[in-house]
Amino acid sequence: MGSNLDITFTRIVDVPKELIWRCWTEPELLLPWFCPKPWKAIACEIDLRPGGIFSSTMQSPEGVTMPTGTGCILEVIPNQRFTWTSALLPGYRPSLTLEKCGTDDAGFMFTATIALEDHVVDTGIGTKYTATVKHADEAGCAKHAAMGFEAGWGAALDQMVAMIKKGI
């Protein structure tokens, strides 16, 4: 399996990885930044342990509610790595359905990892932030990329960093 099935981006941000970790793993901190505006996250459930649930629901600017899927947490290394997949349900139960994101033809399974490393920035300790999403096939990877993976996940990261800088 190679890079033609994966999409990733890395950014250096000037906030500590411990605060980014909290924003990814505490539902009340995830909701304000998780979706690129004008979309918003309106529900989130996280059971922060391998086999636990990672689930969210978004709402469109028009008010349409859209579950973005229920997945299974695979890896939890506090302040370093967080991995979940849409291919499994909580408790490692195989999923029978492809998660949809917006339209009926946009379903694909994926495994996502957020990796955090300390990084020195002008203001002190920042974070090297890497988001990687692995797909089961090239079609799913292409769909996710076409949906604006890097722009969307990058905009969400910008919203998170702004929220952290305001104080959480």
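Here, each number is a calculation from the coordinates, and none is a lab measurement. It should be emphasised that the depicted structure is a prediction, and the values quoted were computed from it without experimental measurement. Positions of Cβ are generated from backbone atoms using ideal geometry, with glycine treated the same way; all protein chains shown enter the neighbour counts.
Taking θ as phi - 60°, what are the ³J(HN,Hα) couplings along segment 56-61 by the Karplus curve (6.51, -1.76, 1.60), each to the nearest whole Hz, with x for Gly and Pro?
With the stated coefficients, segment 56-61 comes to 8, 10, 10, 9, 6, x Hz.
When the scattering of segment 1-70 is computed by the Debye formula from its Cα atoms alone, each counted once and equally, what is log10 I(q)/I(0) at q = 0.15, 0.21, 0.24 Å⁻¹?
Taking Cα atoms of segment 1-70 as identical point scatterers yields -0.66, -1.04, -1.10.
To the nearest 20 debye, what is the magnitude of the charge dipole of the chain about its Cα centre, counting +1 on the Cβ of each Lys and Arg and -1 on the Cβ of each Asp and Glu?
Result for the chain is approximately 200 debye, rounded to the nearest 20.
For the chain, treating each Cα as an identical point scatterer without solvent, what Debye log10 I(q)/I(0) comes out at q = 0.10, 0.16, 0.20 1/Å?
Debye intensities relative to I(0), on a log10 scale: -0.35, -0.96, -1.54.
What is the spin-label model distance, in nm, from GLU150 to VAL120 if the labels are put 7 Å beyond Cα along the C-beta direction?
2.8 nm
How large is the convex hull of the C-alpha atoms of segment 115-168 per residue, in Å³?
Given the Cα convex hull of segment 115-168, per-residue volume reads 100 Å³.
Students often forget the sequence filter, so: which lysines lie under 21 Å Cα-Cα from LYS166 once same-chain residues fewer than 8 apart are removed?
Correct list for LYS166: LYS17, LYS37, LYS40, LYS128.
Under a cut-off of 18 Å between alpha-carbon atoms, report the lysines in cross-link reach of LYS143, not counting same-chain residues fewer than 8 places apart.
Within the straight-line limit of under 18 Å, LYS143 reaches these lysines: LYS100, LYS134.
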